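Visitor: Here you go, one structure.
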Amino acid sequence: MNRFISPTMGLIAQFSPSTAFNIPGDKSLSHRAAMFSALAEGESRITNFLDSGVTSVMLTALSALDIKWTLDENTLIVQGKGLKGFTTPTDPLDCGHSATTIRLMAGALAASGIGVTLDGSPGLRKRPMDRIVEPLQKLGVKISASNTGTAPLVLTARDPKKGLLGGTIRLSQASAQVKTCVLLAGLAAQSELIIHEPGFSRDHSERMLKAMGVPLQINGLTIRMPYFSTPLNPLSMDLPGDISAAGFLIVAAIITQGSKLVLEEVGLNSTRTGLLDVLTSMGADLDVQITAQTAGELTGRIIARSSKLQGVTVSGDLVVRMIDEFPIFAVAAACAEGETVVKDAAELRYKETDRIKALCQQLQNIGIMIKETRDGFIIRGNQRIPGGSAQSCGDHRLAMSLAVAGLASQHGVTIEDIEIINQSFPSFFNLLQHTGTSL
Ligand code: S3P
């Protein structure tokens with residue numbers, strides 16, 4: 001399906017979970033809440049759960065493992081059966097487009113010890129899985145990937161009386177999906193597990209596992225999980241709004257004249273707020289206030305107003321803190337004065353698409369001057385975005401970024417295969433309409 005986004009004059013609205021228009025629950029937290037609750041013993045209750053393509057893949061996979069759950073108006077109830085509670089499914093588990101599902105599932109299934117094949121869409125089959133296969137093998141898991149290090153992943157059943165090895169695992173990427181996979185497998189380790197990360201990645205798993213009773217000790221980039229054998233406690237959590245989803249609306253407000261958006265109860269975990277910091281350093285009129293904490297996660301209010309931006313350089317540790325935000329950041333950078341340079345972001349080539357290549361090609365299609373580099377891109381700022389036609393390239397974040405570019409364009413933007421946004425943010429266009437934007 002194609003969608004035409006016409007230029008708009010400005011976005012004015014207030015979103016909070018208490019209104020009909022809320023920022024949907026965080027995708028990373030929704031995945032973890034569903035997965036970890038299945039491993040707990042007893043009933044977990046999660047409100048503001050994200051109901052979208054990628055999370056429904058996770059829930060369907062849990063059903064195939066005989067975990068009972070209900071999802072009613074974004075409240076997810078899961079009947080957890082403990083670490084060994086999964087039933088071996090008859091068919092391979094389909095992880096759709098969701099890398100988080102396949103990587104978290106691999107860790108949880110490794111802990112459970114059942115034999116399963118994990119597979120997914122042609123797009124998912126291109127994403128690197130050797131990064132989880134190698135550490136899992138070091139823990140004694142019998143797992144193999146295809147000879148290109150990709151899905152399908154085959155896990156062989158283990159003697160139910162045997163656990164996994166502990167020891168020290170050094171991760172080669174700062175990746176929360178990989179770290180979480182190893183932590184989940186580590187729940188079945190027979191001795192202490194120590195994980196070293198090369199850089200800080202989002203720490204939702206550590207916070208949630210601690211809230212569920214796992215005695216993790218964290219010191220900088222080292223996580224220590226002492227041997228323990230008590231079951232995970234069920235989870236009760238109201239999920240914050242997704243800061244990555246909020247990013248599209250925030251940038252839309254900043255780059256269209258006369259806007260003021262107020263977003264309430266958005267997740268403000270500092271491992272995720274890189275985009276807010278960069279936009280502020282570019283001169284964005286952003287007001288961020290922490291208002292509450294839920295199961296170890298900070299939440300708060302963000303007020304975004306239209307602003308004049310200056311170009312900036314993004315590199316180093318900041319890249320991981322905004323790893324999902326580069327498509328929308330590029331749109332903000334195109335509207336800024338001066339050049340913007342992104343470096344140290346080669347990991348973007350392993351996302352839903354080669355995100356550096358796809359982003360540069362599609363923004364060029366709508367007239368933005370952006371140049372691909374080995375590990376990022378360079379954008380000439382202060383542009384009037386002419387508009388035109390572009391493709392989503394099977395990437396939900398690219399599709400929404402193109403839509404936001406359309407709002408600030410001269411002639412509008414047509415996006416092909418727009419339905420991909422349902423993977424992470426099905427209410428995106430409804431929310432935009434609620435801001436007064438005519439679509
Ligand atoms: C995620 C971690 C990030 C992010 C992805 C979700 C998670 O991936 O890009 O959208 O929920 O842990 P990596 O861990 O591969 O960097």
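The values are calculated or read from the model by the stated rules, or taken from the named source; none is laboratory data. These numbers were taken from a predicted model, which means no experiment stands behind them. All Cβ positions, even for glycine, are placed from backbone atoms using ideal geometry, and neighbour counts span all protein chains on display.
Visitor: Which residue is nearest to residue 195 (Cα to Cα), if the candidates are limited to region 143-180 and must be aliphatic (A, V, I, L, M) and out of contact with any Lys or Arg (no Cβ under 9 Å at 6 or more places or on another chain)? If you could, list the steps in order and put the result at the bottom.
Guide: Start the filter on region 143-180 by keeping residues that are aliphatic (A, V, I, L, M), which leaves 143, 145, 151, 153-155, 157, 164-165, 169, 171, 174, 176, 178.
Checking the rest, the ones that are also out of contact with any Lys or Arg (no Cβ under 9 Å at 6 or more places or on another chain) come to 143, 145, 153, 174.
Values: 143: 19, 145: 22, 153: 22, 174: 11 Å.
Here the residue is 174.
Visitor: Tell me which of these residue 240 doesn't satisfy, since it passes every other one: (1) crowded, with 23+ Cβ neighbours inside 10 Å; (2) away from the ligand (no atom under 16 Å from the Cβ); (3) over 18 Å from residue 105 (Cα atoms).
Guide: Every listed condition holds for residue 240 apart from (2).
Visitor: Also: Name the residues in region 328-367 that are of a type outside the set (A, V, I, L, M, F, W, C) and within 13 Å of the ligand (Cβ to nearest atom), would you?
Guide: Once the filter is applied, which keeps residues that are of a type outside the set (A, V, I, L, M, F, W, C) and within 13 Å of the ligand (Cβ to nearest atom), region 328-367 yields 347, 349, 350, 351, 352, 353, 355.
Visitor: Now for a different question. Look through 352, 347, 339 and report the one residue that is surrounded by 21 or more Cβ atoms within 10 Å (Cβ to Cβ) and either within 16 Å of the chain's Cα centre (by Cα) or more than 22 Å from residue 420 (Cβ to Cβ) (or both).
Guide: 352
Visitor: Another question, if that's okay. Go through (1) within 12 Å of residue 251 (Cβ to Cβ); (2) away from the ligand (no atom under 13 Å from the Cβ) for residue 325 and report which single condition fails.
Guide: Only one criterion is unmet by residue 325, namely (2).
Visitor: Looking at region 219-255 only, could you name the residues that are assigned to a loop (DSSP other than H, G, I, E, B) and free of Cβ contacts under 8 Å to residues at least 40 places away in the same chain? Break it down stepwise before answering.
Guide: Let us first name the residues in region 219-255 that are assigned to a loop (DSSP other than H, G, I, E, B), namely 220-221, 226-231, 233-235, 239-240, 242.
Result: 220, 221, 226, 228, 229, 230.
Visitor: Report the residue count in region 73-95 for those that are modelled with pLDDT under 95, farther than 20 Å from residue 236 by Cα and under 22 Å from the mean Cα position of the chain (by Cα).
Guide: Result for region 73-95: 0.
Visitor: Moving on to the next point. Residue under question is residue 37, and the condition is that it be hydroxyl-bearing (Ser, Thr, Tyr), within 16 Å of the ligand (Cβ to nearest atom) and surrounded by fewer than 22 Cβ atoms within 10 Å (Cβ to Cβ); does it hold?
Guide: Values: hydroxyl-bearing (Ser, Thr, Tyr): yes; within 16 Å of the ligand (Cβ to nearest atom): yes; surrounded by fewer than 22 Cβ atoms within 10 Å (Cβ to Cβ): no.
So residue 37 fails the test.
Visitor: Might you check whether a residue that is small (Gly, Ala, Ser) and free of Cβ contacts under 8 Å to residues at least 24 places away in the same chain occurs anywhere in region 375-392?
Guide: Within region 375-392 (the criterion being small (Gly, Ala, Ser) and free of Cβ contacts under 8 Å to residues at least 24 places away in the same chain), the answer is no, since none of the residues qualifies.
Visitor: Have a look at 70, 60, 19 and point out the one that is surrounded by fewer than 23 Cβ atoms within 10 Å (Cβ to Cβ), over 21 Å from the mean Cα position of the chain (by Cα) and assigned by TED's automatic domain parsing to the domain that holds residue 116.
Guide: Selected residue: 70, the only one of 70, 60, 19 that is surrounded by fewer than 23 Cβ atoms within 10 Å (Cβ to Cβ), over 21 Å from the mean Cα position of the chain (by Cα) and assigned by TED's automatic domain parsing to the domain that holds residue 116.
Visitor: With (1) farther than 17 Å from residue 247 by Cβ; (2) out of contact with any helix residue (DSSP H, G or I) (no Cβ under 6 Å at 6 or more places or on another chain) as the list, and residue 427 as the residue in question, which single condition is left unmet?
Guide: (1)
Visitor: Looking at region 185-210 only, could you name the residues that are part of a helix (DSSP H, G or I) and either within 18 Å of the chain's Cα centre (by Cα) or over 13 Å from residue 163 (Cα atoms) (or both)?
Guide: Hits for region 185-210 are 204, 205, 206, 207, 208, 209, 210.
Visitor: Here's another thing I want to ask about it. Enumerate the pairs (first residue in region 286-308 and in the same structural domain as residue 276 (by TED's automatic domain parsing); second residue anywhere and part of a loop (DSSP other than H, G, I, E, B) and surrounded by fewer than 18 Cβ atoms within 10 Å (Cβ to Cβ)) with beta-carbon separation below 8 Å, excluding pairs fewer than 6 apart on the same chain, so at least 6 apart or on different chains.
Guide: Filtered contacts from region 286-308: 298/270; 306/257; 306/258; 307/283; 308/283.
Visitor: Something else now. Show the residue pairs that are 6+ apart or on different chains and have beta-carbon atoms under 8 Å apart, the first residue being within region 204-218 and free of Cβ contacts under 8 Å to residues at least 60 places away in the same chain and among the charged types (D, E, K, R), the second being within 16 Å of the ligand (Cβ to nearest atom) and part of a helix (DSSP H, G or I).
Guide: Note: pairs meeting the criteria are 206/183.
Visitor: Still on this structure, please answer the following. Report yes if residue 295 is surrounded by 18 or more Cβ atoms within 10 Å (Cβ to Cβ) and either at positive phi or in contact with a Phe, Trp or Tyr (Cβ under 7 Å, 6 or more places away or on another chain) (or both), otherwise no.
Guide: Considered against the rule, which asks whether it is surrounded by 18 or more Cβ atoms within 10 Å (Cβ to Cβ) and either at positive phi or in contact with a Phe, Trp or Tyr (Cβ under 7 Å, 6 or more places away or on another chain) (or both), residue 295 comes out as yes.
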